Amino acid sequence: ATEAGFPDEVVQIVTSSRNKTPQVGNVLCNSSLVRKLSFTGSTRVGKMLASKCSHTVKRLSLELGGNAPFIVFNDADVRKAAQGVMASKFRNSGQTCVCANRIFVQANIFDDFQQEL
């Protein structure tokens, strides 16, 4: 963020080990110093964060779910499907909750689809 010209205090990213995540989340949700929380992940955790942030009326940005399938049926235009999966997977550098994370292709066209990629 600094290289892009943002002041140091504007963008702050907090990482955590998996077993410390609940404690870190509680601190962020309950702190009056934190004015906004952004989270990308499961709906279950998003609901929990929304509930915890309600006590401090904190602004939230949530991208939830993230298991978007891309399904290609036998009657698909294989070239267009391959272009579509690439556009979907790499939209916003792959950082949206609707990017294809699972690609299902019917067996009869699998080889053709793979060649198009």
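Structure summary
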| quantity | calculated |
| --- | --- |
| Inter-probe distance in nm under a simple model that places probes 7 Å from Cα toward Cβ, at Asn74 and Ser32 | 6.6 nm |
| Kirkwood Rh in Å, taken over all unlike Cα pairs in the stretch 44-117 | 14.4 Å |
| Relative contact order (%) - criterion: Cα under 8 Å, at least six apart; region: the chain | 21 percent |
| Computed [θ] at 222 nm, deg cm²/dmol, the chain (DSSP H ≥ 4; -39,500 (n - 2.57); rounded to nearest 500) | -10000 deg cm²/dmol |
| For Ala100, residues with placed amide H under 5 Å, excluding near neighbours | Lys89 |
| Estimated inter-spin distance, Thr40 and Gln83, nm [label 7 Å along Cα→Cβ] | 2.6 nm |
| Point-charge dipole on Cβ atoms (K/R +1, D/E -1) for the chain, about Cα centre, debye to 20 | 760 debye |
| The stretch 1-59 - charge dipole about Cα centre, Lys and Arg +1 at Cβ, Asp and Glu -1, debye rounded to 20 | 460 debye |
| Cα-based shape type of the stretch 1-70, given that a ≥ b ≥ c are square roots of the gyration tensor eigenvalues and the cut on a/c is 1.5 | oblate |
| Accessible surface of the chain, 1.4 Å probe, proportion on carbon and sulfur as whole % | 53 percent |
| Contour minus Cα-Cα distance for Glu3 and Glu63 (0.36 nm per residue) | 19.1 nm |
| The stretch 103-117-the stretch 67-86 distance, computed between alpha-carbon centres (Å) | 8 Å |
| Dipole magnitude (debye, nearest 20) for the stretch 51-96, charges at Cβ of Lys, Arg, Asp, Glu | 300 debye |
| The chain: angle of helix 43-53 to the longest principal axis, Cα-based, in degrees nearest 10 | 20 degrees |
| Residue list for the stretch 67-83, given a label point 7 angstrom along the Cα-to-Cβ vector of Asn108 and an amide N cut-off under 14 Å | 72-78 |
| Whole-number accessible area per residue in Å² for the chain, which is evaluated in the context of all protein chains at 1.4 Å | 76 Å² |
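The values are calculated or read from the model by the stated rules, or taken from the named source; none is laboratory data. The structure presented is a predicted model; accordingly, all values stated were derived computationally and were not measured. Every residue, glycine as well, gets a Cβ built from its backbone with ideal geometry; the counts of neighbours run over all protein chains shown. All accessible areas refer to the heavy atoms of the entire protein, side chains included, with ligands and DNA or RNA removed. Shrake-Rupley method; radii C 1.70, N 1.55, O 1.52, S 1.80 Å.
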